[in-house]
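Have a look at the structure below, then the notes.
The values are calculated or read from the model by the stated rules, or taken from the named source; none is laboratory data. Only a predicted model underlies this, so the values are computations on that prediction, with no experimental measurement involved. A quick note on method: Cβ atoms are made from the backbone with ideal geometry, for glycine too, and the neighbour counts reach across all protein chains shown. Protein only, heavy atoms only, side chains kept; ligands, DNA and RNA dropped before computing areas. Shrake-Rupley method; radii C 1.70, N 1.55, O 1.52, S 1.80 Å.
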Amino acid sequence: MKIECPRCQSDLTDTKNYGKKTGGAVGTVAGAAAGVAGALTGAEIGATVGIIAGPLGIAIGGITGAILGGLLGGAAGCATGSAVGEVIDENVLDNHYCRTCGHSFSHKSS
Ligand SMILES: [Zn+2]
């Protein structure tokens, strides 16, 4: 879909997606932080389950739980952050710019 520049009517326009990129990065960090909490819980659950298998099971269960908790938190945070950033891009920032005249503008998709 081509979006026309409101100033010069050129269709050489592009999106900046600052919000989406920032949101994704912030979300990943926030998600990873939340993931650490999840990792601790995961480690605890893993270690508890691992008790059945003895000391080695506790170690393996704890590590597996920690990794899973961290990864899931980071991935979920990135997705959430990107989604939030996209909304900010579309509604708050002038997400589009014209490559012909350099004009920045927002395009509200109906
Ligand atoms: Zn233009």
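Assorted remarks:
- GLU86 being in contact with a helix residue (DSSP H, G or I) (Cβ under 7 Å, 6 or more places away or on another chain) and either open to solvent by 50 Å² or more (accessible area, probe 1.4 Å) or modelled with pLDDT under 85 (or both): yes
- Only listed residue being within 16 Å of the ligand (Cβ to nearest atom) and surrounded by fewer than 18 Cβ atoms within 10 Å (Cβ to Cβ), chosen from HIS103, HIS96: HIS103
- Against the criterion of being more than 14 Å from the ligand (Cβ to nearest atom), in contact with a Leu (Cβ under 7 Å, 6 or more places away or on another chain), of a type outside the set (Asp, Glu) and in a helix (DSSP H, G or I), GLY24 does not qualify.
- Screening the candidates THR15, THR48 for the property of being over 20 Å from GLY69 (Cβ atoms) and β-branched (Val, Ile, Thr) yields one hit, THR15.
- Selection of region 31-50 for residues being under 30 Å from GLU90 (Cβ atoms) and out of contact with any Ser or Thr (no Cβ under 8 Å at 6 or more places or on another chain) yields ALA32, ALA33, ALA34, GLY35.
- Check on LEU12, within 16 Å of the ligand (Cβ to nearest atom) and of a type in the set (A, V, I, L, M, F, W, C): yes
- If only residues of region 34-68 that are at pLDDT 80 or above and under 21 Å from the mean Cα position of the chain (by Cα) are counted, the one that is surrounded by the most Cβ atoms within 10 Å (Cβ to Cβ) is ALA66.
- Test: residue in region 3-19 that is touching a strand residue (DSSP E or B) at 6+ places or on another chain (Cβ under 8 Å), in contact (Cβ under 8 Å) with a residue 60 or more places away in the chain, open to solvent by 90 Å² or more (accessible area, probe 1.4 Å) and not in a helix (DSSP H, G or I): yes
- The lone exception for ILE51 - which of (1) part of a helix (DSSP H, G or I); (2) in contact (Cβ under 8 Å) with a residue 60 or more places away in the chain; (3) aliphatic (A, V, I, L, M) it fails: (2)
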